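The next block holds one structure in the form of structure tokens; read it before the comments.
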Amino acid sequence: VGATAFVASFSVMDAYPSLFIFDHFVVNDKRLQDHFRGTNIWIAGASSGIGAEIARHLSRHGANVILSSRPSERLEAVALSCRELCTANTVSLVPLDMTASKNDLEIAVDQVQGILGSGSLDCVILNAGRGQLAPASKTPYET
């Protein structure tokens, strides 16, 4: 019966067995808290989808997150949900259109440096973008 249950458990996995084992038996909230608490992470494309979920996950585990996307109510909503998940960390907003001019990007970097003060940026997650259903060779540069 034990071997049958073991084999049956592999049939319901949504990842490679080693990832499944790592995720279900090695990683836990305490380890994530210990790892992310106090880290400074800037997330571009944080107003929806994967970026928003990453922001929430990192906030729940104590990271200080700086959220960027085009200015919108969705970005504000993600920031609010991050603040509700954990009060020990900070959530900052730096509205930024990733297709902006070099000058606008430099202003955003200056804003992030102002938020960090004497601290350092530990990680940048470049998640901004959208789907494009054409080959890169046929897609205009502006897109």
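The values are calculated or read from the model by the stated rules, or taken from the named source; none is laboratory data. What you see is a predicted model, and the numbers here were worked out from it, not measured in a lab. When we count neighbours, we look across all protein chains shown, and the Cβ atoms used for this are built from the backbone with ideal geometry, even at glycine. Surface areas here come from the heavy atoms of the whole protein model, side chains and all, with no ligands, DNA or RNA. Shrake-Rupley method; radii C 1.70, N 1.55, O 1.52, S 1.80 Å.
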Query raised in the report: Within the bounds of segment 94-103, is there any residue that is modelled with pLDDT of 90 or more and within 15 Å of the chain's Cα centre (by Cα)?
Result: yes
**Report entry** The listed residue being assigned to a loop (DSSP other than H, G, I, E, B), free of Cβ contacts under 8 Å to residues at least 24 places away in the same chain and over 18 Å from the mean Cα position of the chain (by Cα), out of Gln111, Gln132
**Finding:** Gln132
Query raised in the report: Would you call Leu58 modelled with pLDDT of 90 or more and open to solvent by less than 30 Å² (accessible area, probe 1.4 Å)?
Result: yes
Query raised in the report: Which ones in segment 70-127 are farther than 19 Å from Ala55 by Cα and β-branched (Val, Ile, Thr)?
Result: Thr99, Ile107
Query - Checking Glu84 against (1) at pLDDT below 95; (2) closer than 30 Å to Tyr141 by Cα; (3) open to solvent by 60 Å² or more (accessible area, probe 1.4 Å); (4) of a type in the set (Asp, Glu), the condition it does not meet - result: (2)
Report task. Within segment 67-74, identify whether any single residue is open to solvent by 70 Å² or more (accessible area, probe 1.4 Å), of a type in the set (S, T, N, Q), touching a strand residue (DSSP E or B) at 6+ places or on another chain (Cβ under 8 Å) and closer than 22 Å to Asn40 by Cβ, and answer yes or no. Result -> no
Report task. Could you run through segment 44-62 and say how many residues are touching a helix residue (DSSP H, G or I) at 6+ places or on another chain (Cβ under 8 Å) and without any contact (Cβ under 8 Å) to a residue 40 or more places away in the chain? Result -> 10
Report summary line: Of those in segment 114-129 that are without any contact (Cβ under 8 Å) to a residue 24 or more places away in the chain and open to solvent by less than 80 Å² (accessible area, probe 1.4 Å), the residue nearest to Leu67 (Cα to Cα) is Gly114
